[in-house]
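S.K.: Here it is, the structure in full.
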Amino acid sequence: MISANNHGVDQLSALPDAWRAEIEAGLGADESLQVWLETDLDTGLRYSRGLVALTNRRLLALQAEEPKRREWTFQPELSLLHHDHAGVGTLELRDAASCLATWRYTIGQNPAAQRLFDEFERQLESRLSGRPVERPPEERCPKCNTLLEPGQEECPVCAREIHAPPSTRTLLRLGRFARPYRWPLFWGFILTLISTAAAMVPPYLTMPLMDDVLIPYQSGKPIDAGLVVLLLGGLLGAAVLAWGLGWVKTYILSLVAEHIGSDLRTATFEHLMRLSLEYYGGKRTGDLMARIGSESDRICQFLSVHVLEFATDMLMIAMTAVILFSVDPWLALVTLLPLPFIAWMIQLVRHRLRIGFEKADRIWSEISNVLADTIPGIRVVKAFAQENRETQRFRAANAINLTVNDRVNRIWSLFSPTVTLLTEVGLLVVWAFGIWQVSRDQITVGVLTAFLAYITRFYTRLDSMSRIVSTTQRAATGAKRLFDILDHVSSVPDPARPVRLGEVKGRIEIRDVGFRYGNRSVLRGVDLTVEPGEMIGLVGHSGSGKTTLVNLICRFYDVTEGAIRLDGADIRSLAVADYRRNIGLVLQEPFLFFGTVADNIAYGKPDASRQQIIDAARAAHAHEFILRLPQGYDSLVGERGQGLSGGERQRISIARALLIDPHMLILDEATSSVDTETETEIQKALDNLVRGRTTIAIAHRLSTLRRANRLVVLDRGRIVETGNHDELMAREGAYYRLYEAQARNIDVDLDETAEPGWKMEHKAKDE
Amino acid sequence: MQAPDFQLKRDAFGRLVLTAADGSVCEGVVPVRAFPISAPGEGIALVGPDGHEAAWIERLDQLPQALRQLVEEELARREFVPEIRRIHEVSSFATPSTWKIDTDRGETTLILWGEEDIRRLGKSGLLIEDSNGIHFLVRDINRLDRASRRLLDRFL
């Protein structure tokens, strides 16, 4: 641990320049700066810089607009208060009688405030008692206050915060996916080159046809049959060659494009699977589906058709230009004159189109969102007879789609005909200039025909080339939306050098954990140690943070403050998959994937033998009802396990958890959605499951937690009581009130869902 | 105007102390708007530190002047929804994107994680949540200046 003095020097040099001089000048002889907090709001909640600094003697405060420094020397009964609401943190300094000062800051400053708060108590205590400062023997990240593992240099929290946006030159980034196919791509390019060159031959042959065959014939010479056959043969040969090569190159390049598209899709899905629940919390299913489905397809289309066409066209223009210039530079110049115009126009429209397409895509996601919302919720829609309202919603989204596309089309529709017009005008210019040159005997008629043949070709191509603008833009936005997913760093990242997880004992330590969802603080200062094999029951009102705590233990989210440790190792330092393998999770709403019952039980351990599956099902009391199904373990269960009752599904999910033989078990309201009879079945299954494992169970019905070694009562994100049932009843605190409320069948704050079953159970007991 | 059946005063610690009609005292109540966006002036609960509702105010403008001022002061101390007046600059049109903005509470920057953090309010209002969970309000897009509107439009 660094000494207090050193600490002070570090703190001073780390201070922003604006404050350093002021603070340094004010320090006494043996006074040193301990910690500081830069506040970014004033008391009226306007953005304004300020500083709260803590020395070993007093608290100092500066504010940007106020020249005067305020200070409070340590004295008994001075205390700091620290809380936050809606993204704004407040620090209050009080003495026994009143509030002395308040400081406000946005939530980003929270870790610094927390540190100031902690240090304040230590320094005050030390100053008043004369004892040296006692610091807990642990290291914290200087930036965010997270507990660091011994020897861990990089803070796992700060390392993952990336605010930089992805690069906008997204399409180039597809290169990463193209690299494995560079050889087919290379050959495809060579073939394109040759086939395009072959396609250049026919117009060239019109020159000798005109000048050496037709014009001489008009002036009285006979037609040279041999030459005609030769030239026509050349025409045919070039055409056939271009056809053959074009075929092969199109095939090769389409194949590659298809592969790239499919790689991209898989990579995106793979990445999506790794992202934390936090990501899914903020995204809508329809949007994600649209991105992975249609965007990757669009990119694939773009690569296989449009890029190919465009490359061919570019080559053709380049080759044509070379040929034209070699034949007659002046006429070539006139021919190519409209090109820059067209390029300029393309540039002009490009920007507008891209914005339009981006919008159109977003609206398209909106449409799929309506679908993804409505179809799974169809029972609710029908129950409340809101079909019309949903149709209305769909129609509205569709209407926006129409307007957005309409705007795009308006620009677009003008664009194509304009290109055509320019083409016609260009032809006209060439005719005029050509005739003038022929009249002055500068070129032959053959040259003029060849020029016209060439440029009709490439002007018509220009039209399709201009289309590349829109397809590129569309593909680029598609790529951007895919890379949005790919660039998203998981908020529960795998550590760079994960700690190996040896034999797991199952000791879970929750140290000073805080969690914030958005700006809502859900858990605060939770401390709990669960011994190996112990069963903990989490109790509390709905919204008290039970599920959040469990989610943190599963590492579906990472803690905002503090740490969770398994057998002494911070779970953030473990590989996520390694860690989760040790957790069995049984949820209130069990999810069954489409597949057979056996597949669903073996979900966490696909290589399980049939015997293992049956054993797990037996232990979960699922074996018998599975045998009653028409195809036994081979029966298919539907999207959400349709055809099975809630209790049956629950027992399958218990079997699933049993099969992986986890060291830690998490039961999140595992029995609250079923009737009492089923519950007894499930309870028996659970008793098998819990045996010998560290278990954390959440239950509304307090009676289902009778086997728990300890009950932990949560209230508004804090632990308020811990102990077994009898102790807590004797204490007559929060647990007592909850229990009494349930016993009296009065629902104080608990969710109603748990009530009916519970009542029945108690009635049964009464009888 | 109907006098409410409770009394409110501020103590030395700056907390609001509520005295109910039956004489029971609740220290540290906070006003919470039920519809902060759609109907800010209606339905305000005074919530005690235990999270239970201690009193209910039907309409803010029907409170006696002194009481209303206390409630409004306390609301002002708690509410932080800066209203965006102008967007100076966005770091990129792809998210996450850092915006330099002008608000009614001064200049600041916000980091937008994704387009889905922009929520539409009615026809022309927006509520933008930044990476810290702070909400920024755009009351009416059409009243922003052209440049800001153009920047914003790329995210909608």
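S.K.: How do the pairs read when you match residues in the range A:42-57 that are acidic (Asp, Glu) with residues anywhere that are surrounded by fewer than 18 Cβ atoms within 10 Å (Cβ to Cβ) and modelled with pLDDT under 85, using Cβ under 8 Å and keeping only pairs 6 or more apart or on different chains?
M.R.: Taking only residues 6 or more apart or on different chains, the pairs are A:Asp42/A:Glu65.
S.K.: Kindly check whether there is at least one residue in the range A:218-230 that is touching a residue at least 40 places away in the same chain (Cβ under 8 Å) and either in contact with a helix residue (DSSP H, G or I) (Cβ under 9 Å, 6 or more places away or on another chain) or crowded, with 18+ Cβ neighbours inside 10 Å (or both).
M.R.: No, because not a single residue in the range A:218-230 is touching a residue at least 40 places away in the same chain (Cβ under 8 Å) and either in contact with a helix residue (DSSP H, G or I) (Cβ under 9 Å, 6 or more places away or on another chain) or crowded, with 18+ Cβ neighbours inside 10 Å (or both).
S.K.: Taking the criterion of being modelled with pLDDT of 85 or more and more than 30 Å from A:Pro495 (Cα to Cα), would at least one residue in the range A:577-596 satisfy it?
M.R.: no
S.K.: Residues that are surrounded by fewer than 18 Cβ atoms within 10 Å (Cβ to Cβ) and either in contact with a Gly (Cβ under 7 Å, 6 or more places away or on another chain) or away from chain A (no Cβ under 12 Å) (or both): does the range B:70-82 have at least one?
M.R.: Looking for residues that are surrounded by fewer than 18 Cβ atoms within 10 Å (Cβ to Cβ) and either in contact with a Gly (Cβ under 7 Å, 6 or more places away or on another chain) or away from chain A (no Cβ under 12 Å) (or both), one finds at least one in the range B:70-82, hence yes.
S.K.: Further question on the same structure: Scan (1) under 21 Å from A:His621 (Cβ atoms); (2) in contact with a Ser or Thr (Cβ under 9 Å, 6 or more places away or on another chain); (3) at pLDDT 85 or above for the single condition A:Leu689 breaks and write down its number.
M.R.: Result: A:Leu689 fails condition (3) only.
S.K.: Checking the conditions here, which among B:Ala45, B:Ala21 is in a loop (DSSP other than H, G, I, E, B) and more than 11 Å from chain A (Cβ to nearest Cβ)?
M.R.: Going through B:Ala45, B:Ala21 in turn, just one is in a loop (DSSP other than H, G, I, E, B) and more than 11 Å from chain A (Cβ to nearest Cβ): B:Ala21.
S.K.: Is it the case that A:Val133 is more than 10 Å from every other protein chain (Cβ to nearest Cβ) and either at pLDDT 85 or above or surrounded by 14 or more Cβ atoms within 10 Å (Cβ to Cβ) (or both)?
M.R.: Here the answer is yes, as A:Val133 does meet what is asked.
S.K.: Scan the range B:120-129 and give yes if some residue there is farther than 25 Å from A:Thr90 by Cβ, away from every other protein chain (no Cβ under 14 Å), of a type outside the set (A, V, I, L, M) and under 16 Å from the mean Cα position of the chain (by Cα), otherwise no.
M.R.: Yes, the conditions are met somewhere in the range B:120-129.
S.K.: Go through B:Glu107, B:Glu89 for me and flag whichever is modelled with pLDDT of 85 or more, touching a strand residue (DSSP E or B) at 6+ places or on another chain (Cβ under 8 Å), within 12 Å of another protein chain (Cβ to nearest Cβ) and surrounded by fewer than 19 Cβ atoms within 10 Å (Cβ to Cβ).
M.R.: B:Glu107
S.K.: Please determine whether any residue of the range A:588-597 is assigned to a helix (DSSP H, G or I) and crowded, with 19+ Cβ neighbours inside 10 Å.
M.R.: Yes, the conditions are met somewhere in the range A:588-597.
S.K.: Something else: Applying the selection to the range A:77-99, what residues are touching a strand residue (DSSP E or B) at 6+ places or on another chain (Cβ under 7 Å), surrounded by fewer than 15 Cβ atoms within 10 Å (Cβ to Cβ) and within 10 Å of chain B (Cβ to nearest Cβ)?
M.R.: Within the range A:77-99, just A:Leu81 meets the criteria.
S.K.: With respect to the numbered conditions (1) within 14 Å of chain B (Cβ to nearest Cβ); (2) at pLDDT 80 or above, which one is the sole condition not fulfilled by A:Glu278?
M.R.: (2)
Quick grid of which residues meet (1) surrounded by 16 or more Cβ atoms within 10 Å (Cβ to Cβ); (2) not aromatic (Phe, Trp, Tyr):
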{"residue": "A:Glu270", "(1), (2)": "no, yes"}
{"residue": "A:Leu277", "(1), (2)": "no, yes"}
{"residue": "A:Ala290", "(1), (2)": "yes, yes"}
{"residue": "A:Glu295", "(1), (2)": "yes, yes"}
{"residue": "A:Ser304", "(1), (2)": "yes, yes"}
{"residue": "A:Phe310", "(1), (2)": "yes, no"}
{"residue": "A:Met316", "(1), (2)": "yes, yes"}
{"residue": "A:Leu337", "(1), (2)": "no, yes"}
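S.K.: Follow-up question, since we're still on this one. Being assigned to a loop (DSSP other than H, G, I, E, B) and crowded, with 18+ Cβ neighbours inside 10 Å is the filter here; which residues of the range A:505-517 pass it?
M.R.: A:Gly506, A:Arg507
S.K.: Here is a further query. Of the residues A:Ala64, A:Ala112, which single one is in contact with a strand residue (DSSP E or B) (Cβ under 6 Å, 6 or more places away or on another chain), surrounded by fewer than 17 Cβ atoms within 10 Å (Cβ to Cβ) and within 14 Å of another protein chain (Cβ to nearest Cβ)?
M.R.: A:Ala64
S.K.: Next question, about the same structure. Would you point out which residue out of B:Ile111, B:Ile134 is closer than 23 Å to A:Asp487 by Cβ and hydrophobic (A, V, I, L, M, F, W, C)?
M.R.: Step by step, each of B:Ile111, B:Ile134 is checked, and only B:Ile111 is closer than 23 Å to A:Asp487 by Cβ and hydrophobic (A, V, I, L, M, F, W, C).
S.K.: Here's something else I'd like to know. Need a quick list: helices (runs of 4 or more DSSP H) entirely within the range A:295-407 having at least 3 residues that are in contact with a Phe, Trp or Tyr (Cβ under 8 Å, 6 or more places away or on another chain) and away from chain B (no Cβ under 14 Å).
M.R.: In the range A:295-407, A:308-327, A:329-336, A:338-374 are the helices (runs of 4 or more DSSP H) which contain 3 or more residues that are in contact with a Phe, Trp or Tyr (Cβ under 8 Å, 6 or more places away or on another chain) and away from chain B (no Cβ under 14 Å).
S.K.: So B:Gly51 ticks every box in (1) among the small types (Gly, Ala, Ser); (2) within 10 Å of chain A (Cβ to nearest Cβ); (3) part of a strand (DSSP E or B) but one. Which box is left unticked?
M.R.: For B:Gly51, the exception is condition (3).
S.K.: Can you confirm whether B:Arg139 is over 26 Å from A:Arg481 (Cβ atoms) and basic (Lys, Arg)?
M.R.: When the stated conditions are applied, B:Arg139 passes them.
S.K.: Another question, if that's okay. Only residues that are away from every other protein chain (no Cβ under 14 Å) and part of a loop (DSSP other than H, G, I, E, B): list them for the range B:24-39, please.
M.R.: Hits for the range B:24-39 are B:Ser24, B:Ala34, B:Phe35, B:Ser38, B:Ala39.
S.K.: In addition: Among the residues that make up the range A:573-585, is at least one of them assigned to a loop (DSSP other than H, G, I, E, B), at negative phi and either buried (at least 19 other Cβ atoms within 10 Å of the Cβ) or not aliphatic (A, V, I, L, M) (or both)?
M.R.: Yes, the range A:573-585 contains a residue that is assigned to a loop (DSSP other than H, G, I, E, B), at negative phi and either buried (at least 19 other Cβ atoms within 10 Å of the Cβ) or not aliphatic (A, V, I, L, M) (or both).
S.K.: OK, next. Residue check, A:Ile107 against (1) crowded, with 18+ Cβ neighbours inside 10 Å; (2) more than 8 Å from chain B (Cβ to nearest Cβ), all met but one. Which one?
M.R.: Evaluating A:Ile107 over (1) crowded, with 18+ Cβ neighbours inside 10 Å; (2) more than 8 Å from chain B (Cβ to nearest Cβ) leaves (2) as the failure.
S.K.: For the range A:17-37, indicate whether the set of residues that are surrounded by 18 or more Cβ atoms within 10 Å (Cβ to Cβ), outside any loop (DSSP other than H, G, I, E, B), within 14 Å of chain B (Cβ to nearest Cβ) and not charged (D, E, K, R) is non-empty.
M.R.: Looking for residues that are surrounded by 18 or more Cβ atoms within 10 Å (Cβ to Cβ), outside any loop (DSSP other than H, G, I, E, B), within 14 Å of chain B (Cβ to nearest Cβ) and not charged (D, E, K, R), one finds none in the range A:17-37, hence no.
S.K.: Another question, if that's okay. In the range A:701-733, what residues are in a loop (DSSP other than H, G, I, E, B) and either within 18 Å of A:Leu528 (Cα to Cα) or free of Cβ contacts under 8 Å to residues at least 60 places away in the same chain (or both)?
M.R.: Scanning the range A:701-733 gives A:Arg706, A:Ala708, A:Asn709, A:Arg716, A:Gly717, A:Asn724, A:Glu732, A:Gly733.
The values are calculated or read from the model by the stated rules, or taken from the named source; none is laboratory data. Note that the structure is a prediction, hence the values are computed from the model and not measured. Cβ coordinates were reconstructed from backbone atoms using ideal geometry, including for glycine residues, and neighbour counts include every protein chain displayed.
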